[in-house]
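Below: the structure, in structure tokens.
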């Protein structure tokens, strides 16, 4: 998780259909923040990667968005229509957040570009939210 003043980005590989155990432990440990509403009204977004094109990455992104909602956060998806970007960003077509998968053992450059785009989008939303 990256936590800046008014924006939070949740990230984890998708493993066995959901976020990795390390992220789940982090989420479970966030209950003190929840009870104090320390993340309320922050902008949140998320990203994940898996070994396969489907790989159930959507479930991981859904988990992130529900965690954000429980904390009173405002969710930021990715607004690049899947398959419509000339640079190939959002190639898997997930609007809820950035979903990627390895191609020949590596992430394509278009996924890095999409991650950078989502980071800029989060920062822009956070600056206009404050």
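Values in this text are rule-based calculations from the coordinates and carry no lab data. Predicted model only: the values in this text are computed from it and were never measured. Positions of Cβ are generated from backbone atoms using ideal geometry, with glycine treated the same way; all protein chains shown enter the neighbour counts.
Put simply, of 118, 92, 61 the only residue that is in contact (Cβ under 8 Å) with a residue 12 or more places away in the chain, closer than 18 Å to residue 15 by Cα and out of contact with any helix residue (DSSP H, G or I) (no Cβ under 9 Å at 6 or more places or on another chain) is 61.
Restricting to segment 1-42, name every residue that is closer than 25 Å to residue 101 by Cα and in contact with a helix residue (DSSP H, G or I) (Cβ under 7 Å, 6 or more places away or on another chain). 1, 7, 9, 10, 12, 14, 17, 18, 19, 27 - these are the residues of segment 1-42 that are closer than 25 Å to residue 101 by Cα and in contact with a helix residue (DSSP H, G or I) (Cβ under 7 Å, 6 or more places away or on another chain). Residues of segment 2-23 that are closer than 24 Å to residue 74 by Cβ and surrounded by 15 or more Cβ atoms within 10 Å (Cβ to Cβ): 6, 7, 8, 9, 10, 11, 12, 14, 18, 19, 23. If the condition is being in a helix (DSSP H, G or I) and within 17 Å of residue 58 (Cβ to Cβ), then segment 13-23 contributes only 23.
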